[in-house]
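Here's the structure we're looking at; comments come further down.
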Amino acid sequence: MSWASKRRTAYFGTAIFIVITVAGILFFLIFNKEPTCEDDKKNGDEQGIDCGGLCDKLCATQVSAPIIIWSRSFKVSEGVYNSVAYVENPNFTASAPKIPYTFKIFDDNNILIAERNGNTFISPDGISLIFEGAIITGNRIPARTFFEFSEAPIWTRTNGDKSSLSINNIKLSVADISPRVDAVLSNNSLLAARNIEVVAVVFDANDNAIGASATFVESISDRSSQDIVFTWPNKFDQSVSRVEIIPRVNME
């Protein structure tokens, strides 16, 4: 082989080496990325696909399902009802920022007379009152209210953070005519709170829920308080023994 042929062979070999090296580097960069919580793979310290470990999203095996303690409908006026689900989250460090749900109302013949769908959120370690108002039932009388989550919650880690909202000075008035509940909503945080859902449920002496109402507070400044009011057009069938009011703000 002549010297020129040897030189061409050397150049060709060098070029092939460079191409293979560059291809190897590109292959490594493409297929050996650092694990992330959004790569649709179980890698790193994850306990499932993109969940557990250092990911904010929690795996289903790390949390307990929310507990639906009861769901009921309350008459507002003829053919109009408010429905409420009383839901407990047993997870101290987990919340669900968005979860779809369905209310179904049946008459005493177990015939579906109304259905309402919506989206809500579940706060960590506590009770959520999920409210749907002004459900039209026509001339049918609700006998049973069924509530369910349409999908499994997607849980995220909250590190035990809880809402800094509290309720004080609950007062019931004109219970024999058009009941009214006044209360004070306080924000004990150093930050303003926005888009606050507040639901009130009234109970009789046997601790059965007999009515519910809701209000919405757009915002409340840090370290401040605000009066809130709940009203009903007609008196309750039983005497009111206590009122439970729960404010909720999505901590997403």
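Nothing in this text is a laboratory measurement; each read-out follows from the coordinates by a stated rule. Everything numeric in this text was worked out from a predicted model, so none of it was measured. Every residue, glycine among them, receives a Cβ derived from its backbone with ideal geometry; neighbour counts consider all protein chains shown.
Quick notes on this one:
- Residue-wise HN-Hα coupling along segment 186-197, computed from phi with Karplus coefficients 6.51, -1.76, 1.60 (Hz; x: Gly, Pro): 10, 10, 8, 8, 7, 10, 5, 10, 10, 6, 9, 8
- Under 14 Å, Cβ to Cβ, from ILE135 - net charge with Lys/Arg +1 and Asp/Glu -1: +2
- Ranking of ARG144, ARG248 by neighbouring Cβ atoms within 10 Å, starting from the fewest: ARG144, ARG248.
- Computed 3J(HN,Hα) for segment 56-68, one whole-Hz value per residue from the Karplus formula 6.51 cos²θ - 1.76 cosθ + 1.60 where θ = phi - 60°, is 5, 6, 9, 7, 4, 6, 8, 10, 9, 5, x, 9, 8, glycine and proline marked x.
- Estimated from the Cβ-Cβ distance and a Förster radius of 45 angstrom, the FRET efficiency linking ARG242 and GLN47 is about 0.60.
- Anchor LYS171: aspartates and glutamates whose Cα lies under 13 Å away (excluding residues fewer than 8 positions away in-chain): ASP182, ASP227, GLU244
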